[in-house]
Amino acid sequence: MKKYTLYATMGAGFEAVVAKELKELGYETKTENGRVFFEGTQEDIVRTNLWLRTADRIKILLQEFRATSFEQLYDQVYSFSWADLLPVDAQFPVQGRAVRSKLHSEPDIQSITKKAIVNKMVDQYHRRGFLPETGNKYPLDVHIYKDVARISLDTTGESLFKRGYRVEHGGAPLKENFGAGLLRLTPYNGTHPLIDPMTGSGTLAIEAALMAKNIAPGTWRKFAYDGFDWFDSSLHKTMLEEASTKVKPLEAPIWASDIDQSVLEIAKLNAHNAGVLQDIRFKQVAVKDFTTDLENGIIIANPPYGKRLKDRESAEKLYQEMGKVFLPMDSFSQYYLTADQNFEKYFGKKATKKRKLFNGNLRVDFYQYWVNKK
């Protein structure tokens, strides 16, 4: 089977997490900012789209070359045999980005790349004039960094965070792959209890259940490669069937609670869609009233950030309540994501480690409180 140069894309700060996932799947990797490269066949394209929990997309690197003028860009793109990749009726939207490069006008980069592909296909298919672009979609990407252009084909389509189980969300939910990334920054592996005391739409608890039960996160969705005419369409079905045989029972309890019953109903619906409703104990309870008889586990939460003044006061009060309730639970490792720089002050303890991340465009910190092993 033909081998491709592939790469996974991810949110800033999650490169090492995705690289580790790929290594666990058996790949050798090379990491750059925002990308982890690996080699693979069509089978590997399906496997990584199905199984990677923390990546955004899987792309095929088609070309890499220096481009300091639009002539160079046009000529290099034209030199590729596009008819091998794109059927005559293919829809091929071109996304363009440029960073620290002589060619910096992104609309021009996109249109020159598109023009070169169209002209090459017109020549290869012996067509006159326009291409119909009425067929399946082949999303292309041109990225120029320090004058080096990379042209790639996106095999994923909608970002991998769109698992397909979440129908509604309460408030501003964490993206599914971001939630999975946070869990991968903890020692969680399904063998110890996990508690999410501010579960919102349930993302952290659901992603934890999927990990603990070894359910492939791409189980419910389609991918861009499903529409590629040269792609072996039997692979997706075969590997989905194989994935379903790897599901295992839950070993340790997962608790998810929230003060808001209406939000909990949404979380339950999401958990039901993900097939893990029976694996998570949902309960309406305020942080200040939270109690548990569980021990030696992980507490993980994404408490409100309090961006507005009135909200900030209630967020700070909540952090104080969290400190009173959770700090005495000293057999638990604890992990809290918030944009509030004063979190430690109100929580009442300095974190063992703090990790800077970006939730969308918002700078956040992941406060980690590790158990002192007795």
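The values are calculated or read from the model by the stated rules, or taken from the named source; none is laboratory data. It should be emphasised that the depicted structure is a prediction, and the values quoted were computed from it without experimental measurement. Backbone-built Cβ (ideal geometry, glycine too); neighbour counts: all protein chains shown.
Do you know which of the residues in the stretch 324-344 that are surrounded by fewer than 17 Cβ atoms within 10 Å (Cβ to Cβ) and in contact with a helix residue (DSSP H, G or I) (Cβ under 8 Å, 6 or more places away or on another chain) is modelled with the lowest pLDDT?
Top of the filtered list is Asn342.
Counting residues that are under 25 Å from Glu176 (Cα atoms), which helices (runs of 4 or more DSSP H) fully inside the stretch 28-131 reach at least 2?
42-51
Being among the basic types (Lys, Arg) and buried (at least 21 other Cβ atoms within 10 Å of the Cβ) is the requirement here; does Lys59 meet it?
yes
Can you tell me which residues in the stretch 43-81 are of a type outside the set (A, V, I, L, M, F, W, C), closer than 12 Å to Leu6 by Cβ and in contact with a Phe, Trp or Tyr (Cβ under 6 Å, 6 or more places away or on another chain)?
Asn49, Lys59, listed by residue number.
Just give me the residues in the stretch 119-142 being over 30 Å from Trp220 (Cα atoms) and crowded, with 18+ Cβ neighbours inside 10 Å, in sequence order.
Matches in the stretch 119-142: Lys120, Met121, Leu131.
Looking only at the stretch 1-38, how many residues end up being surrounded by fewer than 13 Cβ atoms within 10 Å (Cβ to Cβ), farther than 21 Å from Thr219 by Cβ and among the charged types (D, E, K, R)?
The qualifying residues number 5.
Would you say Gly157 is surrounded by fewer than 18 Cβ atoms within 10 Å (Cβ to Cβ) and within 30 Å of Ala271 (Cα to Cα)?
Here the answer is no, as Gly157 does not meet what is asked.
Out of all the residues in the stretch 345-374, which are out of contact with any strand residue (DSSP E or B) (no Cβ under 9 Å at 6 or more places or on another chain) and buried (at least 16 other Cβ atoms within 10 Å of the Cβ)?
Tyr346
Identify the single condition in (1) crowded, with 20+ Cβ neighbours inside 10 Å; (2) of a type outside the set (Lys, Arg); (3) more than 21 Å from the chain's Cα centre (by Cα); (4) at pLDDT below 95 that Pro173 does not satisfy, given that it satisfies every other one.
That leaves (3) as the condition not met.
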